[in-house]
Amino acid sequence: MAEQFNDLDLSLDDAEGLTANVRSQMMRSISSRTVPVSPPDLNYLRDHAGLSDPSIVDDWRPEAEDALRAEVAVAGAAQFLLDTLNLDEATKLLRRDTTVVSRQVSSCQLLAVQWDGRPRFPSWQFHEGNALPGMAGIVEALSSAEMDAVSLGNFMTRPNDELDGLSPVDFLVGGGDPNEIVALHDAVARN
């Protein structure tokens, strides 16, 4: 396992946090064994799910579902770590000391997510060695939402039709109004 973390350029401290996070996610996840699929539901899926091979429903097993959920939890937590910076990395990128960066977090100019008791800085919020233009205006709205860090990262980095196909990050880099991102985020969070 240590070799795999080394291949991902993650430290053993990161490994401990990843393990704890995955354990937490899996505890929150509903085990497929506690929600059996009834024969009528299986028949409905077979007939109406639009599967190219309906026999896939017959091959479904709760243990395989649980294994897949575990893989998704591990992959999501590992990707989160890979897409964030620790405090030292953020200070080097911003060319600031830790006190200034911590103050920027406190004053909602930067977003930091607590991971295993330490701040992690989503890398999408940085552009050319600075915080994204307009970040100060949207961090508070983003951090107060009931959206986990992975979903928030997806929201900020994926193309959005409301922004003419731009991601919120690209929209801000191009000089877009941060208030539009806040409004869009609020609409997404309500749904």
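Some notes on this structure:
- With all protein chains modelled, accessible area of residue 99 [1.4 Å, Å²]: 80
- In this rough spin-label picture, where each label sits 7 Å from Cα along the Cβ direction, the residue 49-residue 151 distance is 2.4 nm.
- A simple charge model with +1 on the Cβ of Lys and Arg, -1 on the Cβ of Asp and Glu and nothing else charged puts the dipole of the range 81-191 at about 460 debye relative to its Cα centre.
- Stokes-Einstein diffusion coefficient of the range 143-191, Kirkwood radius over Cα pairs, 20 °C, 1.002 mPa s, in µm²/s: 197
- Normalised alpha carbon radius of gyration of the range 61-168 [divisor 2.2 N^0.38 Å]: 1.20
- Highest mean first, the peptides 105-114, 132-141, 45-54 sorted by other C-beta atoms within 10 Å per residue fall in the order 132-141, 105-114, 45-54.
- Label zone at residue 184, where the point sits 7 Å out along the Cα-to-Cβ direction: the range 123-163 residues whose backbone N lies under 12 Å: 155-163
- Averaging over all projection directions, the Cα-based convex hull of the range 74-115 occupies 3.1 nm² in the image plane.
- Calculated P(r) of the range 89-144 - Cα pairs past 13 Å, %: 57
- Approximate spin-label separation residue 68-residue 107, in nm, with each point projected 7 Å along Cα-to-Cβ: 4.9
The values are calculated or read from the model by the stated rules, or taken from the named source; none is laboratory data. Predicted, not measured: the structure shown is a model, and the values here were computed from it. Every residue, glycine as well, gets a Cβ built from its backbone with ideal geometry; the counts of neighbours run over all protein chains shown. For the accessible areas, the whole protein counts, side chains as well, though only heavy atoms, and no ligand, DNA or RNA atoms are used. Shrake-Rupley method; radii C 1.70, N 1.55, O 1.52, S 1.80 Å.
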